[in-house]
Structure formats: structure tokens, C-alpha cells
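One structure is given here, and the rest of the page talks about it.
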Amino acid sequence: MPGFGAKSVESPQRKMQVITLKKSGLGTPVLSGSCASFCTVTDNGVGDYTINLSKIPLAQVPEVFVTQNTAARIGRVSSATALAVRVLTTDLAGTAAESDFHVMIVGSLAKDLV
């Protein structure tokens, strides 16, 4: 199975997938990047986003990395499944706040352990 997008990588042994996205838009979130057409984003409230991976058939819970693209914000992965990743963003005081961020999702199409 080919990789998803220009930045995706496929390993024939473990069928690794690297999905890179940028979430932007304060108010209405928008995903961009080479893998954006394979994912959707849901705004669950202030500073609470779910990235849906339903078009990418990951077989296991992925590893997820988040970096902020908005000054004075903190982002963290709240939960991750093979179908979705939830990201929470706050200001430096810990209050939920809107934010732009980059996310890298590393998963596998193989059902056995990576």
C-alpha cells in the first residue's frame, strides 16, 4: 500500500506511516500539509481539537507529537486511538486557549507490534 501524501513513509517490514499536519485557524480550524486530504479536524470547544484519521487505516494506536505555532501556548495530546487524536491547547496559565499547531502522527498498518 503506498504512503499517504508526500511526507509519508512506508516501511515494507512494519508498514510505518508518518502523517504530518498543520492546524490553523482560530475559530474554524483548518488542516493543511501533504496529508491533510486524508484527515479531518473537529473543534470540540476552546483549545480542544480532534484529528480524525478514518481515511488512514492505522492498525495500532500511533505515537503523536505536537508543537505550537502560536506564541505563549502549550499543546498536549489528550488521547489517541487508531482512528483519532485529541489535542488540547492552553495559555501559559493553563487556561484553554485557541492555538495553531503542527502535529506528527507515527503509526503502522501492521497489526503486530512495531
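So which of THR89, THR40 is polar (S, T, N, Q) and crowded, with 17+ Cβ neighbours inside 10 Å?
Being polar (S, T, N, Q) and crowded, with 17+ Cβ neighbours inside 10 Å holds for just one of THR89, THR40, which is THR89.
Out of the residues in the stretch 43-75 that are part of a strand (DSSP E or B) and of a type in the set (D, E, K, R), which is surrounded by the most Cβ atoms within 10 Å (Cβ to Cβ)?
ARG73
May I ask you to verify whether ALA84 is of a type in the set (A, V, I, L, M), touching a strand residue (DSSP E or B) at 6+ places or on another chain (Cβ under 6 Å), closer than 16 Å to THR40 by Cα and surrounded by fewer than 17 Cβ atoms within 10 Å (Cβ to Cβ)?
yes
Kindly indicate whether any position in the stretch 85-106 is among the basic types (Lys, Arg) and part of a loop (DSSP other than H, G, I, E, B).
no
Just the residues that are more than 30 Å from ASP112 (Cα to Cα) and charged (D, E, K, R), please, taken from the stretch 45-88.
Within the stretch 45-88, ASP48, ARG73 qualify.
Give all pairs with beta carbons closer than 7 Å in which a residue from the stretch 34-46 that is farther than 15 Å from ASP100 by Cα meets a residue that is of a type in the set (Phe, Trp, Tyr); count only pairs at least 6 apart in sequence or on separate chains.
Going by the 7 Å Cβ cut-off, the qualifying pairs are CYS35/PHE4; PHE38/PHE4.
I'd like to check something: does the stretch 49-56 contain any residue that is modelled with pLDDT of 95 or more, within 10 Å of the chain's Cα centre (by Cα) and of a type in the set (Ser, Thr, Tyr)?
The answer is yes, given that some residue of the stretch 49-56 is modelled with pLDDT of 95 or more, within 10 Å of the chain's Cα centre (by Cα) and of a type in the set (Ser, Thr, Tyr).
Those residues that are modelled with pLDDT of 90 or more and hydrophobic (A, V, I, L, M, F, W, C), I need them from the stretch 1-34; list them, please.
VAL18, ILE19, LEU21, VAL30, LEU31
The values are calculated or read from the model by the stated rules, or taken from the named source; none is laboratory data. Just so you know, these numbers come straight off a predicted model, no measurement behind them. Using ideal geometry, Cβ is built from the backbone for each residue, glycine included, and neighbour counts are taken over all protein chains shown.
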